[in-house]
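Notes for the one structure printed next.
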Amino acid sequence: MKFLSLLLVLLVSILFTACDEPLDFNNSQFYDVQDILESSNCTADCEEEADCENQRVKMIATIDASGISATEFQFVVQDRSTSTFEMEVKVDTVIAAELFANILDKGGEVARLQGRLGGEDGSSSSNCQRVIFMTIDDPADVEIVE
């Protein structure tokens, strides 16, 4: 009986720790990609807007060397601890030349980014989820961490 009680307490604690809290983007903290994507305010089903959309966010991430595309005005960043979590970063065409000149050879390096989150419906036909991305409109909002 004591074993079942202990097991029940363990399961309840796992369930409560698995619930992701919303992030407060109004502070000076730089969040990892995984923290943003798994936060409760950035999860939504297709045809719904996530609470984090249109929020200005500070993020720290690794630039994916194979995900830099100046011709498509975008690049991909990955969580610093796991490449499983990645986010597309869309670049305003007005600043694209300057920004890509600064990052084209920075694949694999860690960067601090500031931008506005957006979302679009995923491509999955079942259990469709919003895909969160970041938009950058100032080249100073991407800083390589030395």
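The values are calculated or read from the model by the stated rules, or taken from the named source; none is laboratory data. Here the structure is a predicted model, which means the values were calculated and not measured. FYI the Cβ positions are ideal-geometry reconstructions off the backbone, even for glycines, and counts take in every protein chain you see. Only protein heavy atoms, including side chains, enter the accessible area calculation; ligands, DNA and RNA are left aside. Shrake-Rupley method; radii C 1.70, N 1.55, O 1.52, S 1.80 Å.
For segment 87-132, the solvent-accessible area of protein heavy atoms averages 53 Å² per residue (probe radius 1.4 Å; ligands and nucleic acids excluded).
Probe radius 1.4 Å, ligands and nucleic acids ignored: give me the carbon and sulfur share of the accessible area of the chain as a rounded percent. Numbers along the way, then the final one.
Details: 4440 of 8790 Å².
Carbon plus sulfur share of accessible area: 50 percent.
Pairing the Cα long axis of helix 2-18 with the longest principal axis of the chain, what angle in degrees results, from 0 to 90 and rounded to the nearest 10? Relative to the chain, helix 2-18 is tipped by roughly 20 degrees. With only Cα atoms counted, the chain has Rg and Dmax values of 17.8, 67 Å.
Using the Cβ atoms and a cut-off under 14 Å, what net charge is assigned to the surroundings of Leu104, where Lys and Arg are +1 and Asp and Glu are -1? It would help to have the intermediate numbers written out before the result.
Numbers: positive: Lys106; negative: Asp64, Glu72, Glu98, Asp105, Glu109.
That sum, taken over residues with Cβ under 14 Å, equals -4.
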